[in-house]
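Taking it in order: structure first as structure tokens, then the write-up.
Each value in this text was obtained by applying a stated rule to the coordinates, not by laboratory testing. Every value quoted in this text rests on a predicted model; they were computed, and no experiment measured them. Note that we place each Cβ from the backbone using ideal geometry, even for glycine, and neighbour counts take in every protein chain shown.
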Amino acid sequence: MESKRFVFIGVGGQGNLLVSRLLGEAALSVDIPVVVSEIHGMAQRGGIVESAVLLGDVTSPIVSNGEADVLIGFEPLETLRALGKCNKDTLVITNISPLPPFTVSIGQGKYPPVDEVLDKIHTKVENVIALNGVELAKEAGNPLSLNMVMLGALIGSKAVPITAEAMKETISTSTKKAFLESNLKAFDLGMGVAANR
Amino acid sequence: MHKLLLDAPGKEIFLLGNEAIARGALEAGVSFATCYPGTPSSEIPEQFYNLSQETDLYFEYSTNEKVAMEVGASAALAGLRTMVTMKHVGVNVAADPLMILAYTGVKGGMVIITADDPSLFSSQNEQDNRYYARLSGLPMLEPTNTQEMKDMTALAFDLSEELKLPVLIRTTTRLNHIRGPVKLAELKPMKTKDTFAKDPLNFVTVPAVSRQLHKKLLEKNDRIMQKTENWPYNEIIGDGKWGVIANGVSFNYAMDAISDLGINDQVSVLKLGFSWPMPKNLCIRFLNQVENVLVVEELEPIIETELKAIAQENGLTLSIKGKGVSRLSRLFEYDPGMVREAVAKYVGIDYKAPVVVDTSDLPDLPARPPTLCAGCPHRATLYEIKQVYGQEAIYPSDIGCYTLGFLPPLKMADLVLCMGASVSTSCGFSEATNQKVVAFIGDSTFFHSGITGLVNAVHNNHKFTLVIMDNGTTAMTGHQPHPGVDSKPMGRENTQVSIEELVKGCGVKDVHVVQPFKVKKTIEAVRASYEYDGLSVIISRDFCPLFAKGIGELKRTRPFYVNLDKCKGHRVCIDELACPAMFLDENNVSIDENMCTGCALCAQICPENAILPVKK
């Protein structure tokens with residue numbers, strides 16, 4: 001099958017590594033060749049966390065600049081910063097709820113207004129799905145389910161050759177039972193936004 | 001049951017590269033494993049740590065890599081199948097026993113993992129540990145994906161036993177931290193005890209013995225060559241006239257590039273999975289079937305240089321290129337696009353890379369460097385030291401989370417070399433300058449290699465202050481235990497070694513134990529060390545909040561808030577501490593209640609006492 005390259009970008013604690021692993025497991029469950037790569041180490045210390053999922057006829061585990069089919073950004077500033085992974089045809093799915101870095105709070109640089117961030121993204125790529133993932137996660141009953149909202153939006157965008165059913169099956173078997181209900185609800189809410197765009 | 005114990009040959013499961021290595025070891029019947037943790041190797045021993053509670057596997061977090069290598073070596077000499085894991089710079093620490101093990105050899109299979117870190121994702125250098133195979137004379141394997149990480153690890157144990165030599169497996173961060181499908185094979189039973197057979201003429205390396213052993217090592221070369229020539233992962237793929245050679249993760253980039261460019265029928269690829277010694281005959285066969293060669297290897301031009309030597313010996317004059325073609329360089333890791341470009345240029349294909357969106361007009365975005373967590377005791381300690389010693393003192397630091405204290409506003413690190421160096425470099429600074437010197441070292445790093453420097457300081461009467469930041473765990477690499485840890489909460493029975501007693505036992509006279517979140521008292525102790533004419537040690541002790549949370553020991557749970565009626569906007573808190581739980585709301589300092597651990601550091605330094613615990 002044709003290769004597909006997904007880049008997930010987020011901030012330590014937002015759970016993008018879990019989501020890239022789940023997408024990989026779901027791919028394996030439906031016999032799609034898959035390789036996932038992660039950068040560990042600084043994840044718990046507020047740094048940027050990047051992961052990649054590559055599906056289909058490809059063995060390289062990472063995505064070069066300009067080569068992402070989809071960029072999934074969990075934080076608007078980080079989506080903007082990671083735009084180098086995109087070409088003009090890349091689909092960008094981004095959360096719009098900001099998480100300012102501590103450098104801003106100590107006066108080293110300013111967090112640009114979110115509207116400007118989104119405008120910039122729109123001028124660079126043609127396809128953008130922007131959603132307030134944090135609000136949707138809260139609506140699902142768990143603010144930490146932002147990652148499931150984003151995964152739902154990705155599946156809802158139809159950019160992945162994996163069905164919502166297969167993805168939910170993996171979520172059910174591979175995430176903590178205590179959070180399953182809110183995870184699935186968050187997934188559905190994210191999927192709804194992307195499907196109705 | 002641990003997922004790596006799944007007894008289902010033929011089943012395909014999704015594993016992290018480091019998990020695949022651990023599974024491979026289990027499939028070979030590994031019964032003894034040691035390590036010192038370090039990114040990107042840490043998830044391998046993490047598996048063994050958990051597996052050792054469910055199986056007869058012996059596993060230990062050793063105090064450092066040299067110790068891990070020696071503990072492992074004796075198990076392998078006794079006859080057990082043994083794995084030792086470390087990051088690339090850890091091999092520097094373990095190099096002493098490693099070099100001699102090549103002489104003595106082993107009886108049980110011994111596999112050593114060196115996890116290299118091209119692009120320095122979490123290391124102080126990007127040295128290429130393929131040189132260690134050349135330096136020691138030990139064979140080196142390099143897998144290219146998760147399946148091979150498992151399969152090659154299992155094969156490496158057989159290889160080691162056949163050659164009676166330790167075998168090195170080199171990985172890179174990109175391999176350690178990929179996830180992919182792995183088809184399982186059978187788990188072999190473990191042999192957990194054997195009898196050491198005395199053999200002084202092979203094991204006691206006095207000069208007369210070692211002269212013979214060096215000869216024996218070189219005599220093993222024929223057998224090693226036979227292995228590398230026939231190794232299943234050394235192979236020629238295709239029969240085109242354009243030659244490409246690749247190892248490790250780069251092999252994937254090369255194969256994808258050839259397929260993306262649609263030139264499979266014009267190319268021959270030599271894959272090197274057993275990369276030292278190079279399979280000479282296979283290389284010669286390859287050189288004879290191609291007209292040019294492009295070597296795709298990250299970091300040093302090792303294959304490139306050795307291949308040129310093989311070509312020269314055989315009178316072959318074809319062009320062999322690698323470093324310098326397109327963007328292929330000795331710096332940092334490669335990526336698929338870079339390799340595709342290089343292959344296209346080499347073959348002479350007019351290739352246009354996807355156009356990267358232009359980001360040159362983006363405004364300067366605020367940086368997001370990793371930072372000390374909210375409630376991190378290191379922040380308190382660094383702040384308190386700074387209040388007494390100021391900016392003029394020299395602050396040698398070490399390897400750990402506290403290295404992040406070099407960032408503003410704390411700016412409390414002036415030199416970082418390697419594990420343990422903060423103590424020894426302070427010895428030198430205190431003699432070579434008239435400046436005050438304060439060394440920072442973490443608890444795990446102190447056990448790793450700080451103690452020898454401290455003994456040196458005592459014996460040679462060096463005058464400085466050593467701050468041992470004891471947060472009860474090896475935090476940076478993911479909360480592994482160390483000799484000073486109370487292991488009961490983890491359900492283990494290791495003996496806890498007291499840092500105070502150790503420091504006093506080394507002969508230090510001025511020892512202070514402080515709780516860094518008691519600011520006033522700590523500063524008093526720091527001042528006493530400042531005034532003391534000699535060597536002082538301050539042990540600053542409080543849990544890493546992430547670790548404490550994990551083991552249910554995080555006691556301070558009431559967060560703080562800023563009372564705006566009292567706050568006069570000095571911003572001492574945010575300007576001096578830069579705790580990530582603090583942010584500016586309009587122009588007022590505010591505290592994120594969800595992030596605040598209630599450590600009360602900011603509350604104690606606020607000149608208006610405006611930071612108060614949230615009322616229940």
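For B:V513, the residues whose modelled amide H falls within less than 5 Å of its own, excluding neighbours fewer than 5 places apart on the same chain, are B:I539.
Could you please tell me the mean projected area of the C-alpha convex hull for chain A, averaged over all directions and given in square nanometres to one decimal? The orientation-averaged projected area of the Cα hull of chain A comes to 10.6 nm². Here is the link list: B:K3/B:K191; B:K164/B:K308; B:K150/B:K345. Which ones come out longer than 26 Å on Cα distance? Cα-Cα > 26 Å for B:K164/B:K308; B:K150/B:K345; rest within. Taking the number of Cβ atoms within 10 Å of each Cβ as an exposure proxy, the fewest-first ranking of B:D533, B:D592 is B:D533, B:D592. Rounded, prolate or oblate: pick one for chain B, where a ≥ b ≥ c are the square roots of the eigenvalues of its C-alpha gyration tensor, a/c under 1.5 means rounded, and failing that, prolate if a/b is larger than b/c, else oblate. Prolate is the answer for chain B, as a/c is 1.5 or above and a/b outweighs b/c. Full extension of the chain segment joining B:K504 with B:H459 gains 14.9 nm, where the gain is 0.36 nm per residue of separation less the Cα-Cα distance. Could you tell me which of rounded, prolate or oblate describes segment B:232-347, using a ≥ b ≥ c as the square roots of the eigenvalues of the alpha-carbon gyration tensor, with rounded for a/c under 1.5 and, failing that, prolate when a/b is larger than b/c and oblate otherwise? Rounded, since a/c falls under 1.5. Rounded to 0.05, the FRET efficiency of the B:A367 and B:D265 pair, given R0 = 51 Å and the Cβ-Cβ distance, is 0.60. Helices of chain A meeting both criteria, an alpha-carbon length of 18 angstrom or more along the long axis and an average Kyte-Doolittle score not below 0.0, with helices taken as full DSSP H segments, are A:16-29, A:180-195. Compared with the dominant Cα axis of chain B, that is its longest principal axis, helix B:336-347 is turned about 30°. Would any residue of segment B:161-176 have its amide N under 15 Å from a label point 7 Å out along Cα→Cβ of B:R223? List them or say none. Only B:161-167 fall inside the zone, counting backbone N under 15 Å.
Taking Cα atoms only, the orientation of helix B:65-78 departs from the longest principal axis of chain B by about 50 degrees. Seen against the Cα atoms of chain B and their longest principal axis, helix B:421-432 is set at about 60 degrees. Paramagnetic label reach from B:L564 (point 7 Å along Cα→Cβ; backbone nitrogen cut-off under 11 Å): within segment B:578-616, residues B:585-590. Basic side chains Lys and Arg get +1 at the Cβ, acidic Asp and Glu get -1 at the Cβ, and with that the dipole of segment B:3-219 about its Cα centre reaches some 420 debye. Between B:N494 and B:N609, the FRET efficiency estimated from the beta carbon spacing at R0 = 51 angstrom works out to 0.75. The residues neighbouring A:N142, those whose beta-carbon lies less than 15 Å from its own, together hold a net charge of 0 under the Lys/Arg +1, Asp/Glu -1 convention.
Across segment B:286-301, computed HN-Hα scalar couplings (Karplus, 6.51 cos²θ - 1.76 cosθ + 1.60, θ = phi - 60°) run 5, 4, 7, 9, 10, 9, 8, 9, 10, 9, 10, 9, 6, 6, 6, x Hz from first to last residue, x flagging Gly and Pro. Computed with the Debye formula from one identical point scatterer per Cα of segment B:361-420, without solvent, the log10 of I(q)/I(0) at q = 0.16, 0.19 Å⁻¹ comes to -0.56, -0.73. Here the label points at B:L584 and B:R285, each 7 Å from Cα along the C-beta direction, are separated by 6.8 nm in the simple model.
Of all lysines in the structure, those lying under 21 Å Cα to Cα from A:K158, and not within fewer than 8 positions of it along the same chain, are A:K4, A:K85, A:K88, A:K168, A:K185. Put simply, the amide H of B:I394, placed in the peptide plane, has neighbours under 5 Å in B:K436, B:V437, B:V438, leaving out anything fewer than 5 places away on its chain. Proximity of backbone amide H atoms, modeled 1.01 Å from N, is registered between B:M86 and B:I113, B:A115 at under 5 Å, excluding neighbours fewer than 5 places apart on the same chain.
Helix-only estimate, please: 222 nm mean residue ellipticity of the protein assembly as shown, summing -39500 (n - 2.57) across DSSP H runs of length 4 or more and dividing by its residues, to the nearest 500.
Result for the protein assembly as shown, helices only: -11000 deg cm²/dmol.
Label-to-label distance for B:I100 and A:E116 is 6.4 nm, based on points extended 7 Å past Cα in the beta-carbon direction. What pairs from B:K216/B:K323; B:K436/B:K521; B:K66/B:K549; B:K215/B:K280; B:K280/B:K323 go past 26 Å between their alpha carbons? Table pairs above 26 Å Cα-Cα are B:K216/B:K323; B:K66/B:K549. Within a straight-line Cα-Cα reach of under 17 Å, B:K411 can be paired with the following aspartates and glutamates, leaving aside sequence neighbours fewer than 8 residues apart in one chain: B:E384, B:E392, B:D398, B:D575, B:E576. For the pair B:T359 and B:V209, a Förster radius of 45 Å applied to the C-beta separation gives a FRET efficiency near 0.10, rounded to the nearest 0.05.
Residues of segment B:235-254 falling in the label zone of B:F332, defined by backbone nitrogen less than 19 Å from a point 7 Å along Cα to beta-carbon, are B:249-251, B:253-254. Give the Debye-formula value of log10 I(q)/I(0) at each listed q (0.08, 0.09 Å⁻¹), with one equal scatterer per alpha carbon of the protein assembly as shown, two decimals each. Debye output, listed in q order: -0.75, -0.96.
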